[in-house]
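What follows is a short report on a single structure.
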Amino acid sequence: MNHSQDLKLRIKKIAENYFLSKGYKSVNIDDIAHELGISKRTFYEIFDSKKDLFQEIIEESLFSFRSRTNLIISRMSDSDHSNFLKELKNLWDVIIDHTSYFNIDVINDIKYNLPGHWIKCEKFDEERTEDFRKIYSSGIKRGYIKPNISLEVFYVMHFHALKYLLKPENMKELGLSIKNILSDFYEVLLTGVLTEKARKDFEKILTEKIN
């Protein structure tokens with residue numbers, strides 16, 4: 001790694017901390033340059049603008065998330081060598097980590113300061129539909145997901161409920177961290193809210209109703 005590449009990484013690391021703690025508008029290139037002991041001229045030899053720097057940081061976060069999820073989903077599709085439930089938990093953890101990175105302030109920064117990039121982020125989430133289908137199909141094939149549950153219904157519940165919960169105004173009203181919201185969401189989605197005894201009793205009621 002040459003000096004220019006090393007400096008670029010150091011700039012992004014410091015800038016990322018500033019963005020996450022202060023917000024986009026409050027980040028000052030002078031502060032970043034001062035902390036690194038470089039001139040603003042040196043900074044602008046590497047990045048065209050603060051906007052360019054911020055976009056690259058967000059792009060790298062999305063790329064990292066995409067790479068990690070693709071690897072896990074690939075393993076989940078391998079019926080011979082993977083533990084489906086363990087990989088599902090790994091995927092759950094990656095999603096929580098990634099979404100927690102985009103806290104309310106970061107989301108608002110992207111929406112209001114980089115609206116074009118916010119559209120790209122939303123599109124990125126929508127593109128996860130195919131990943132969801134792969135996981136669902138693999139889960140059914142391997143006996144972990146009930147085959148009688150409609151894929152479309154399950155997906156709509158997952159996608160739209162999650163999208164609603166993660167709207168900044170709704171997160172603020174809930175008063176919970178993203179990590180807590182997502183942990184509760186996935187626990188309810190994947191294991192339900194009923195206890196083991198309640199599930200058995202409810203299954204009996206359903207059977208009696210059918211008969």
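Please treat every number below as a calculation from the coordinates, not as lab data. As the structure is a computational prediction, the values presented were derived from the model and not from experiment. Methodologically, a virtual Cβ is constructed for each residue, glycine included, from the backbone with ideal geometry; neighbour enumeration extends over all protein chains shown.
Would you mind putting 88-99, 190-201 in packing order, based on average other-beta-carbon counts within 10 Å, highest first?
On the way: 88-99: 17.2, 190-201: 10.7.
With the highest mean Cβ count within 10 Å placed first, the list reads 88-99, 190-201.
If I stretch the segment between T42 and T195 completely, what's the gain in nm (0.36 nm per residue apart, minus their alpha carbon distance), one decimal? If you can, show how the numbers build up before the last one.
Numbers: separation 153, 0.36 × 153 = 55.08 nm, distance 6.04 nm.
Taking T42 through T195 to full extension adds about 49.0 nm, to one decimal.
Viscosity 1.567 mPa s, temperature 4 °C: Stokes-Einstein D of region 150-194 from its Kirkwood Cα radius, in µm² per second?
Details: Rh = 11.1 Å.
So the translational diffusion coefficient is about 116 µm²/s.
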task = Excluding residues fewer than 8 places away in the same chain, name every one of the aspartates and glutamates whose C-alpha is closer than 16 Å to that of K141.
result = D78, D80, E87, D131
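For region 1-47, what number results from the quotient of the Cα radius of gyration and 2.2 N^0.38 Å?
1.09
At R0 = 30 Å, how high is the FRET efficiency between L206 and K89 if r is their beta carbon distance? Nearest 0.05 is fine. List each step's numbers first, then the result.
Working: r = 28 Å, r/R0 = 0.94.
It comes to 0.60.
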remark   = Any lysines whose Cα falls less than 22 Å from that of K22, other than same-chain ones fewer than 8 residues away, would be K8, K12, K13, K40, K50, K51, K111, K167, K172, K179
query = What 222 nm value per residue comes from the helices of the chain, counting each DSSP H run with n ≥ 4 as -39,500 (n - 2.57) and dividing by all residues, nearest 500 deg cm²/dmol?
reply = -25500 deg cm²/dmol
ask   = Of the trypsin sites (Lys or Arg not before Pro) in region 31-78, which ones lie in a loop per DSSP and count no more than 14 other C-beta atoms within 10 Å?
value = none
